[in-house]
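K.L.:
One structure, pasted below without further comment.
The values are calculated or read from the model by the stated rules, or taken from the named source; none is laboratory data. Remember, it's a predicted structure, so these values are computed and weren't measured experimentally. Please note: Cβ atoms are built from the backbone with ideal geometry, for glycine as well, and neighbour counts cover all protein chains shown. With ligands, DNA and RNA removed, areas are computed over all heavy atoms of the protein, side chains included. Shrake-Rupley method; radii C 1.70, N 1.55, O 1.52, S 1.80 Å.
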Amino acid sequence: MKLRGYALGILSAVSYGLIPIFILPIKQVHFSMDITLFYRFFFSALMVGGYLLYSKESFTINKKEVLILAVLGICYALSSDFLFLGYDFLTPGIASTVLFIYPVIVALIMFFFYKERLSKLSVASLLLAFAGVIVLCLKGNGLEINFAGLGIVMLSSLFYALYMVIVNKSNMKVSGFKLTFYSMLFTSMFFMTKAVMTNESFAIPSTEILINFLIFAFLTTVISSLCLVFAIKDIGSTPVAILGALEPVVAVIISVLMFHEKFTSNLLIGITLILFGVTLNVIGNQKKIGHI
């Protein structure tokens, strides 16, 4: 069970790290992000819903579950919205690395709201991770910080952390597939509402973009979300958050190789500080578990 949890956590992180492959070409042709994200999550919901029908699993949920799943959908939607907005201010590699601060935010939420003790190692990890983020956001002569990009992607990170904590703490008696289906459905409804309010066209201009949407939905959303949910159930939200270290690594490799992002010393130092900080976080967490 533990081994399966770790394997699923790694797969979730790697598939989520593939996002730049799909999102950058869409941004380059100035296609609507709200429509893109609506189709990403709508197609994801259809795929997972198809599996629920195939496995003859009931779609029934109670009122409390509707509320929790709607909140999960909104958290996921806001995280995606802010991340892709952040791509306009920071490079995809840097944005994906700043997003990875979410394990630190998970630890802080658990500390402030669930009274989980922060060890000295955890505090050190927080400082290292935030130092890494600051280094990543330095530009020009090394004195100017892109505060807009930093703030936007940090909001993305906050909502992703909230999603993970709610999945872990809600104790809903729904399957991973049903949880993912409703999360994706509510997320798609969020973007549909935004698109309708701004009079966006839902027409998909070409077969190529339709195929892009379908692969985008399956690889970065269905696979990532299902693996995330099952991994959290197997090993808990903190270890899964740590395995997310692979997300920025994959995103940076893709950005450098495919989109010619410069692999600067700031990027190397920032990623190293963040990965080291988050690794310290999990060591602190494991020691704490050992004392219980």
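K.L.:
Near ILE26, within a Cβ-to-Cβ distance under 14 Å, what is the net charge of the other residues, with Lys and Arg +1 and Asp and Glu -1? Please list the in-between numbers first.
P.N.:
Values: positive: LYS27, ARG40; negative: ASP34, ASP88, GLU200, GLU208.
After counting each charged neighbour, the total is -2.
K.L.:
Sticking with this one: Kindly identify the chain as rounded, prolate or oblate by the Cα gyration tensor criterion: order the square roots of the eigenvalues as a ≥ b ≥ c, call it rounded if a/c is under 1.5, otherwise compare a/b with b/c, prolate if a/b is larger, else oblate.
P.N.:
Numbers: a/c = 1.79, a/b = 1.10, b/c = 1.63.
Since a/c reaches 1.5 but b/c is at least a/b, the shape of the chain is classed as oblate.
K.L.:
I'd like to check one number: the per residue accessible area of the chain, probe 1.4 Å, reported in Å² as a whole number.
P.N.:
Accessible area per residue, the chain: 46 Å².
K.L.:
Residues with beta-carbon under 14 Å from that of PRO103, excluding PRO103: net charge, scoring Lys, Arg +1 and Asp, Glu -1?
P.N.:
Numbers: positive: none; negative: GLU116, GLU247.
Net charge in that neighbourhood comes out at -2.
K.L.:
What number in nm² do you get for segment 153-292 if you take the convex hull of its Cα atoms and divide its surface by four? Show your work: numbers first, answer last.
P.N.:
Details: hull surface 45.5 nm².
Taking the Cα atoms of segment 153-292, their convex hull projects to 11.4 nm² on average.
K.L.:
Whenever you get a sec, compute what percent of the accessible area on the chain sits on carbon and sulfur atoms (1.4 Å probe).
P.N.:
Using a 1.4 Å probe with all protein chains present, the chain comes out at 72 percent carbon and sulfur.
K.L.:
Okay, next question. What pairs in LYS56/LYS178; LYS178/LYS233; LYS63/LYS194; LYS63/LYS233 have C-alpha atoms more than 18 Å from each other? Don't skip to the end; give the middle numbers.
P.N.:
Values: LYS56/LYS178 12 Å; LYS178/LYS233 14 Å; LYS63/LYS194 25 Å; LYS63/LYS233 22 Å.
Over 18 Å apart, Cα to Cα: LYS63/LYS194; LYS63/LYS233.
K.L.:
Around SER170, under 12 Å between beta carbons, what's the net of Lys plus Arg minus Asp minus Glu among the other residues?
P.N.:
Numbers: positive: LYS64, LYS169, LYS173, LYS233; negative: GLU65.
Local net charge: +3.
K.L.:
With each run of n ≥ 4 DSSP H residues scored as -39500 (n - 2.57), what mean residue ellipticity at 222 nm is computed for the chain after dividing by its residue count and rounding to the nearest 500 deg cm²/dmol?
P.N.:
Working: 14 runs with 225 residues, N = 292.
About -25500 deg cm²/dmol.
K.L.:
Relative contact order for the chain: what is it in percent, counting Cα pairs under 8 Å that are at least 6 residues apart? Walk me through the numbers before you get to the answer.
P.N.:
Values: 410 pairs, mean separation 128.8, N = 292.
With pairs under 8 Å counted, the relative contact order is 44 percent.
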